[in-house]
Amino acid sequence: MIRILLVDDHKIFTEGVASLLSPISDFEVVGAYKTAEQVKTFLAANSIDVVLLDINLGEDSGLDVCKYISDNYPTVKVLAMSMYNDESFITKMIKNGSSGYILKNTGTEELQKAIRTVYEGNTYQSEEVMNIIMRGLTRQKQQEKSLYQIRFTRREREILDLIGKGLTTKEIATTLFISDKTVETHRSNLLAKFEVKNVAGLIKLAIEYGYLK
């Protein structure tokens, strides 16, 4: 039997989830609370397997509750279930000890799967959450690339700055006293280094990476 505690500040939500989970033979919903103090008091006196936890608990923070459970009840698995699909919330919950993260639009079948998965000692993220995490990792990789892999010659750096200011090829050539063809060569090198196909993409990434303001 998997003993489940629901923690959410919306009673209508906990009642709805309880009605979905209670009929399942190996699930037992043992309580539903909405504040950190209520959760702490309950955990001190009861044995729980999985806590289904929202991030927003009114005046309390689900992030703090998650860390408290992780620090004080390491055998209790926390499954975050929230409306927040922001990468920062997801990563903070995982960092604070959550074994899984799903969104509140999750269907009943996936909810059951997530609960069983974390109960068995594994981690679980819904497909949408995994996509958010992967996008964050990709963005981080791109930022690391900008810091450690992209290297410019002095002339490329000058031309990048002038491109960022909106100067045309001819204007850049005049400013730097070089030929149009030389400017185009350096611009092609910049496009290759940033792995983009046009100047618009170059400027966008250069701003994102901090090379242009």
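The values are calculated or read from the model by the stated rules, or taken from the named source; none is laboratory data. Source: prediction; values computed, not measured. In this analysis, Cβ positions are derived from the backbone assuming ideal geometry, glycine residues included, and neighbour counts consider all displayed protein chains.
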**Asked** Of all residues in region 30-53, which are outside any strand (DSSP E or B) and among the β-branched types (Val, Ile, Thr)?
**Response** THR35, VAL39, THR41, ILE48
**Asked** Of the residues ILE2, ILE90, which is closer than 22 Å to MET134 by Cβ, touching a strand residue (DSSP E or B) at 6+ places or on another chain (Cβ under 9 Å) and surrounded by 15 or more Cβ atoms within 10 Å (Cβ to Cβ)?
**Response** ILE90
**Message:** Given the criterion assigned to a helix (DSSP H, G or I), of a type in the set (A, V, I, L, M, F, W, C), farther than 30 Å from THR91 by Cβ and at pLDDT below 95, identify the matching residue among ALA192, ALA206.
**Reply:** ALA192
**Request:** Within region 72-84, identify whether any single residue is assigned to a helix (DSSP H, G or I), of a type in the set (D, E, K, R), buried (at least 18 other Cβ atoms within 10 Å of the Cβ) and in the same structural domain as TYR124 (by TED's automatic domain parsing), and answer yes or no.
**Result:** no
